[in-house]
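One structure below.
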Amino acid sequence: MLSSDQWRSLIDFLVRPPNVITPLTPWRTGGIVAGTILLIPVLRLTKYLIWRYRSPLKDLRGPEAADNWLWGHLAAVLTNPGCVFEEWIEKYGPTIQFRAFLQAPQLLTIDPRAIAYVVNHNYDFPRPPRLRESLRIIIGQGLLAVEGDDHRRQRRIMDPCFGPAPIRDLMPIFYEKAYGLKSVWTDAVDEKGFVVDVFVGATRVTLDTIGSAGFAYEFNSLVDGEENELYRALMDYFSPVNRPTALDLIRLRVPLLKLIPTQRERVIRNSKEVIDRICAKIFEEKKKAVLAEQGRIDKKRLVGRDIISALVRANLAVDVKESDRMTDQEVTSQISTVLVAGHEATSASLTWMLHELSKPEHIAIQSKLREELLGVANEYPSMEELNALPYLDAVVRETLRFHAVAEYTTQMASKDSVIPVSEPYVDRYGVTRNEIRIAQGEIVILPIIAMNKDPRIWGEDAKKFKPERWLTPEKRVSESPGVYAGIMTFVGGHRGCIGYRVAVMELKVLSFVLLRSFEFTLSDPTLVIEKRSSIVTRPAIKQPDGSYKNTLPLRLTPVSQD
């Protein structure tokens, strides 16, 4: 037991260290700080190296030789993820692992039960922090970038804005913009036909549509073209030359390197400034309009055709708990989310559909679809009338299956987990496994395009564009946990795409208007159209200097109205 004098001496030592302890000069303080900063990556490196040898994923089959000790197989994955994942799965089986940064193993599976388990336990498998950080750079604290309770709260308020009834009210806007694109292309095309960049047209019409349908705001990109600052900002942000470099990937792991500016960072910052300014303006206008309404604001009064007005009204409703409300910044982030995700998915899907239908081997599909569409007497059919057209529905579903706009999604195990599988698989040692064990912090890759082309679900012709499959769908399609049509394009579970109904109906309206008006053929059969991904997968053509340009030139010929 210490005496009072001993306690006093101990306290005095702790508060006023004796002279035997060297005082901290500025140079010593700086050295300690620098050493600590340098120690962090060393500790992370040690963690990765230990992880590599102790991971429960290490015994899974997969590609053997990594392209690079530092980056593993990431170079191949980032270049062409869809094709790479399909090749690996075909060679090694439905459940495999590959190596990422510092050889850390990542899980890749197309097993239907395993996929269903992950997407139905979304909050146990959130997006990795670095992915969320990348998403926040452009869309803020929107639905795509938040997890857990924040995601539940935002989704609960937003869900009613994307139901069938609100979408039915948006149909006149879909038609207005679709016929606007038809008018632009009609002015450019004579009776002999004309080559049009359908990628540009699809991007502009969907941007104008989301402006009116989402925000009751006229972007006018179909009219202004290249002069439209929002269109230019989005084109710059999603440009294939703006894909992440090795330095960008390292910067995510070494914060000090973020002090070094890059060209990609400057482009993103400039694009974000434009997007943020426009989204903030839209929000302030909507909030003032809703607050100026007469009478009580409650969740049941979701009047008004645009989505964000309904969202602002729902968020301000008196019957919403204060703890459930979104902040002004969160609502503004939803505008960015709807703007970026809403128009990009539909524009890419429309572009890929027209590309497929223009191929010589698919001209008969285009003709059959046009015949069905011309059989509709009404130029503005209702949502129910469009949904009743079986071949249009089949072509739309097949496009979304065959050309998923996002080729994969990334999740992270928040705790040690055991993932069930529908069929046993064999590991690299020949041992049959009936489950997948994964450690906390390890990554799960859900290869959307590979799942959408899995022969076990879609049949032996899974890698063929064939709308007829939807007229007599495979029995195993129901095994997929996808939120729409048994495909994984819009993912599933609590994180399933909230706006998939909007995307599907807008795509059907655009198909109805454009394919009744024009015949589409390849402008140059020798052109090589490649897939280039930057959040969404767009068509691109390699340029003479080795760079890529998002474009899809097709020849349009007016359809005879006789």
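Quick look at the values:
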read-out: One residue from Pro244, Pro240 being more than 23 Å from Val205 (Cβ to Cβ) and either at pLDDT below 80 or open to solvent by less than 70 Å² (accessible area, probe 1.4 Å) (or both); value: Pro244
read-out: Index of the failed condition, Lys177 passing every other in (1) buried (at least 18 other Cβ atoms within 10 Å of the Cβ); (2) touching a residue at least 60 places away in the same chain (Cβ under 8 Å); value: (2)
read-out: Of the criteria (1) touching a residue at least 40 places away in the same chain (Cβ under 8 Å); (2) of a type in the set (D, E, K, R); (3) farther than 19 Å from Ser511 by Cα; (4) in a helix (DSSP H, G or I), which one Asp149 fails; value: (1)
read-out: Lone unmet requirement of (1) open to solvent by 60 Å² or more (accessible area, probe 1.4 Å); (2) under 23 Å from the mean Cα position of the chain (by Cα); (3) closer than 30 Å to Leu527 by Cβ; (4) of a type outside the set (S, T, N, Q) for Ala202; value: (1)
read-out: Count of residues meeting criterion [in a loop (DSSP other than H, G, I, E, B) and buried (at least 20 other Cβ atoms within 10 Å of the Cβ)] in the range 67-81; value: 2
read-out: Evaluation of Pro360 against (1) closer than 22 Å to Thr521 by Cα; (2) surrounded by 17 or more Cβ atoms within 10 Å (Cβ to Cβ); (3) not acidic (Asp, Glu) (one fails), failing number; value: (2)
read-out: Residue pairs meeting the criteria (Cβ under 8 Å; at least 6 apart or on separate chains; first on the phi < 0 side of the Ramachandran plot and of a type in the set (A, V, I, L, M, F, W, C), in the range 76-91; second part of a helix (DSSP H, G or I) and modelled with pLDDT under 90); value: Val84/Ala76; Val84/Val77; Phe85/Val77
read-out: Among residues of the range 154-174, those that are open to solvent by 30 Å² or more (accessible area, probe 1.4 Å) and farther than 24 Å from Asn387 by Cα, counted; value: 2
read-out: The lone exception for Lys177 - which of (1) closer than 22 Å to Ile535 by Cβ; (2) part of a helix (DSSP H, G or I); (3) at pLDDT 90 or above; (4) in contact with a Ser or Thr (Cβ under 7 Å, 6 or more places away or on another chain) it fails; value: (1)
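A quick yes/no check of all residues on (1) within 27 Å of the chain's Cα centre (by Cα); (2) assigned to a loop (DSSP other than H, G, I, E, B); (3) under 12 Å from Pro94 (Cα atoms):
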| site | (1), (2), (3) |
| --- | --- |
| Lys415 | yes, yes, no |
| Val418 | yes, no, no |
| Val421 | yes, no, yes |
| Gly430 | no, yes, no |
| Gly441 | yes, yes, no |
| Val444 | yes, no, no |
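The values are calculated or read from the model by the stated rules, or taken from the named source; none is laboratory data. Treat the numbers as computed from the prediction; the structure is a model and nothing was measured. Cβ coordinates were reconstructed from backbone atoms using ideal geometry, including for glycine residues, and neighbour counts include every protein chain displayed. All accessible areas refer to the heavy atoms of the entire protein, side chains included, with ligands and DNA or RNA removed. Shrake-Rupley method; radii C 1.70, N 1.55, O 1.52, S 1.80 Å.
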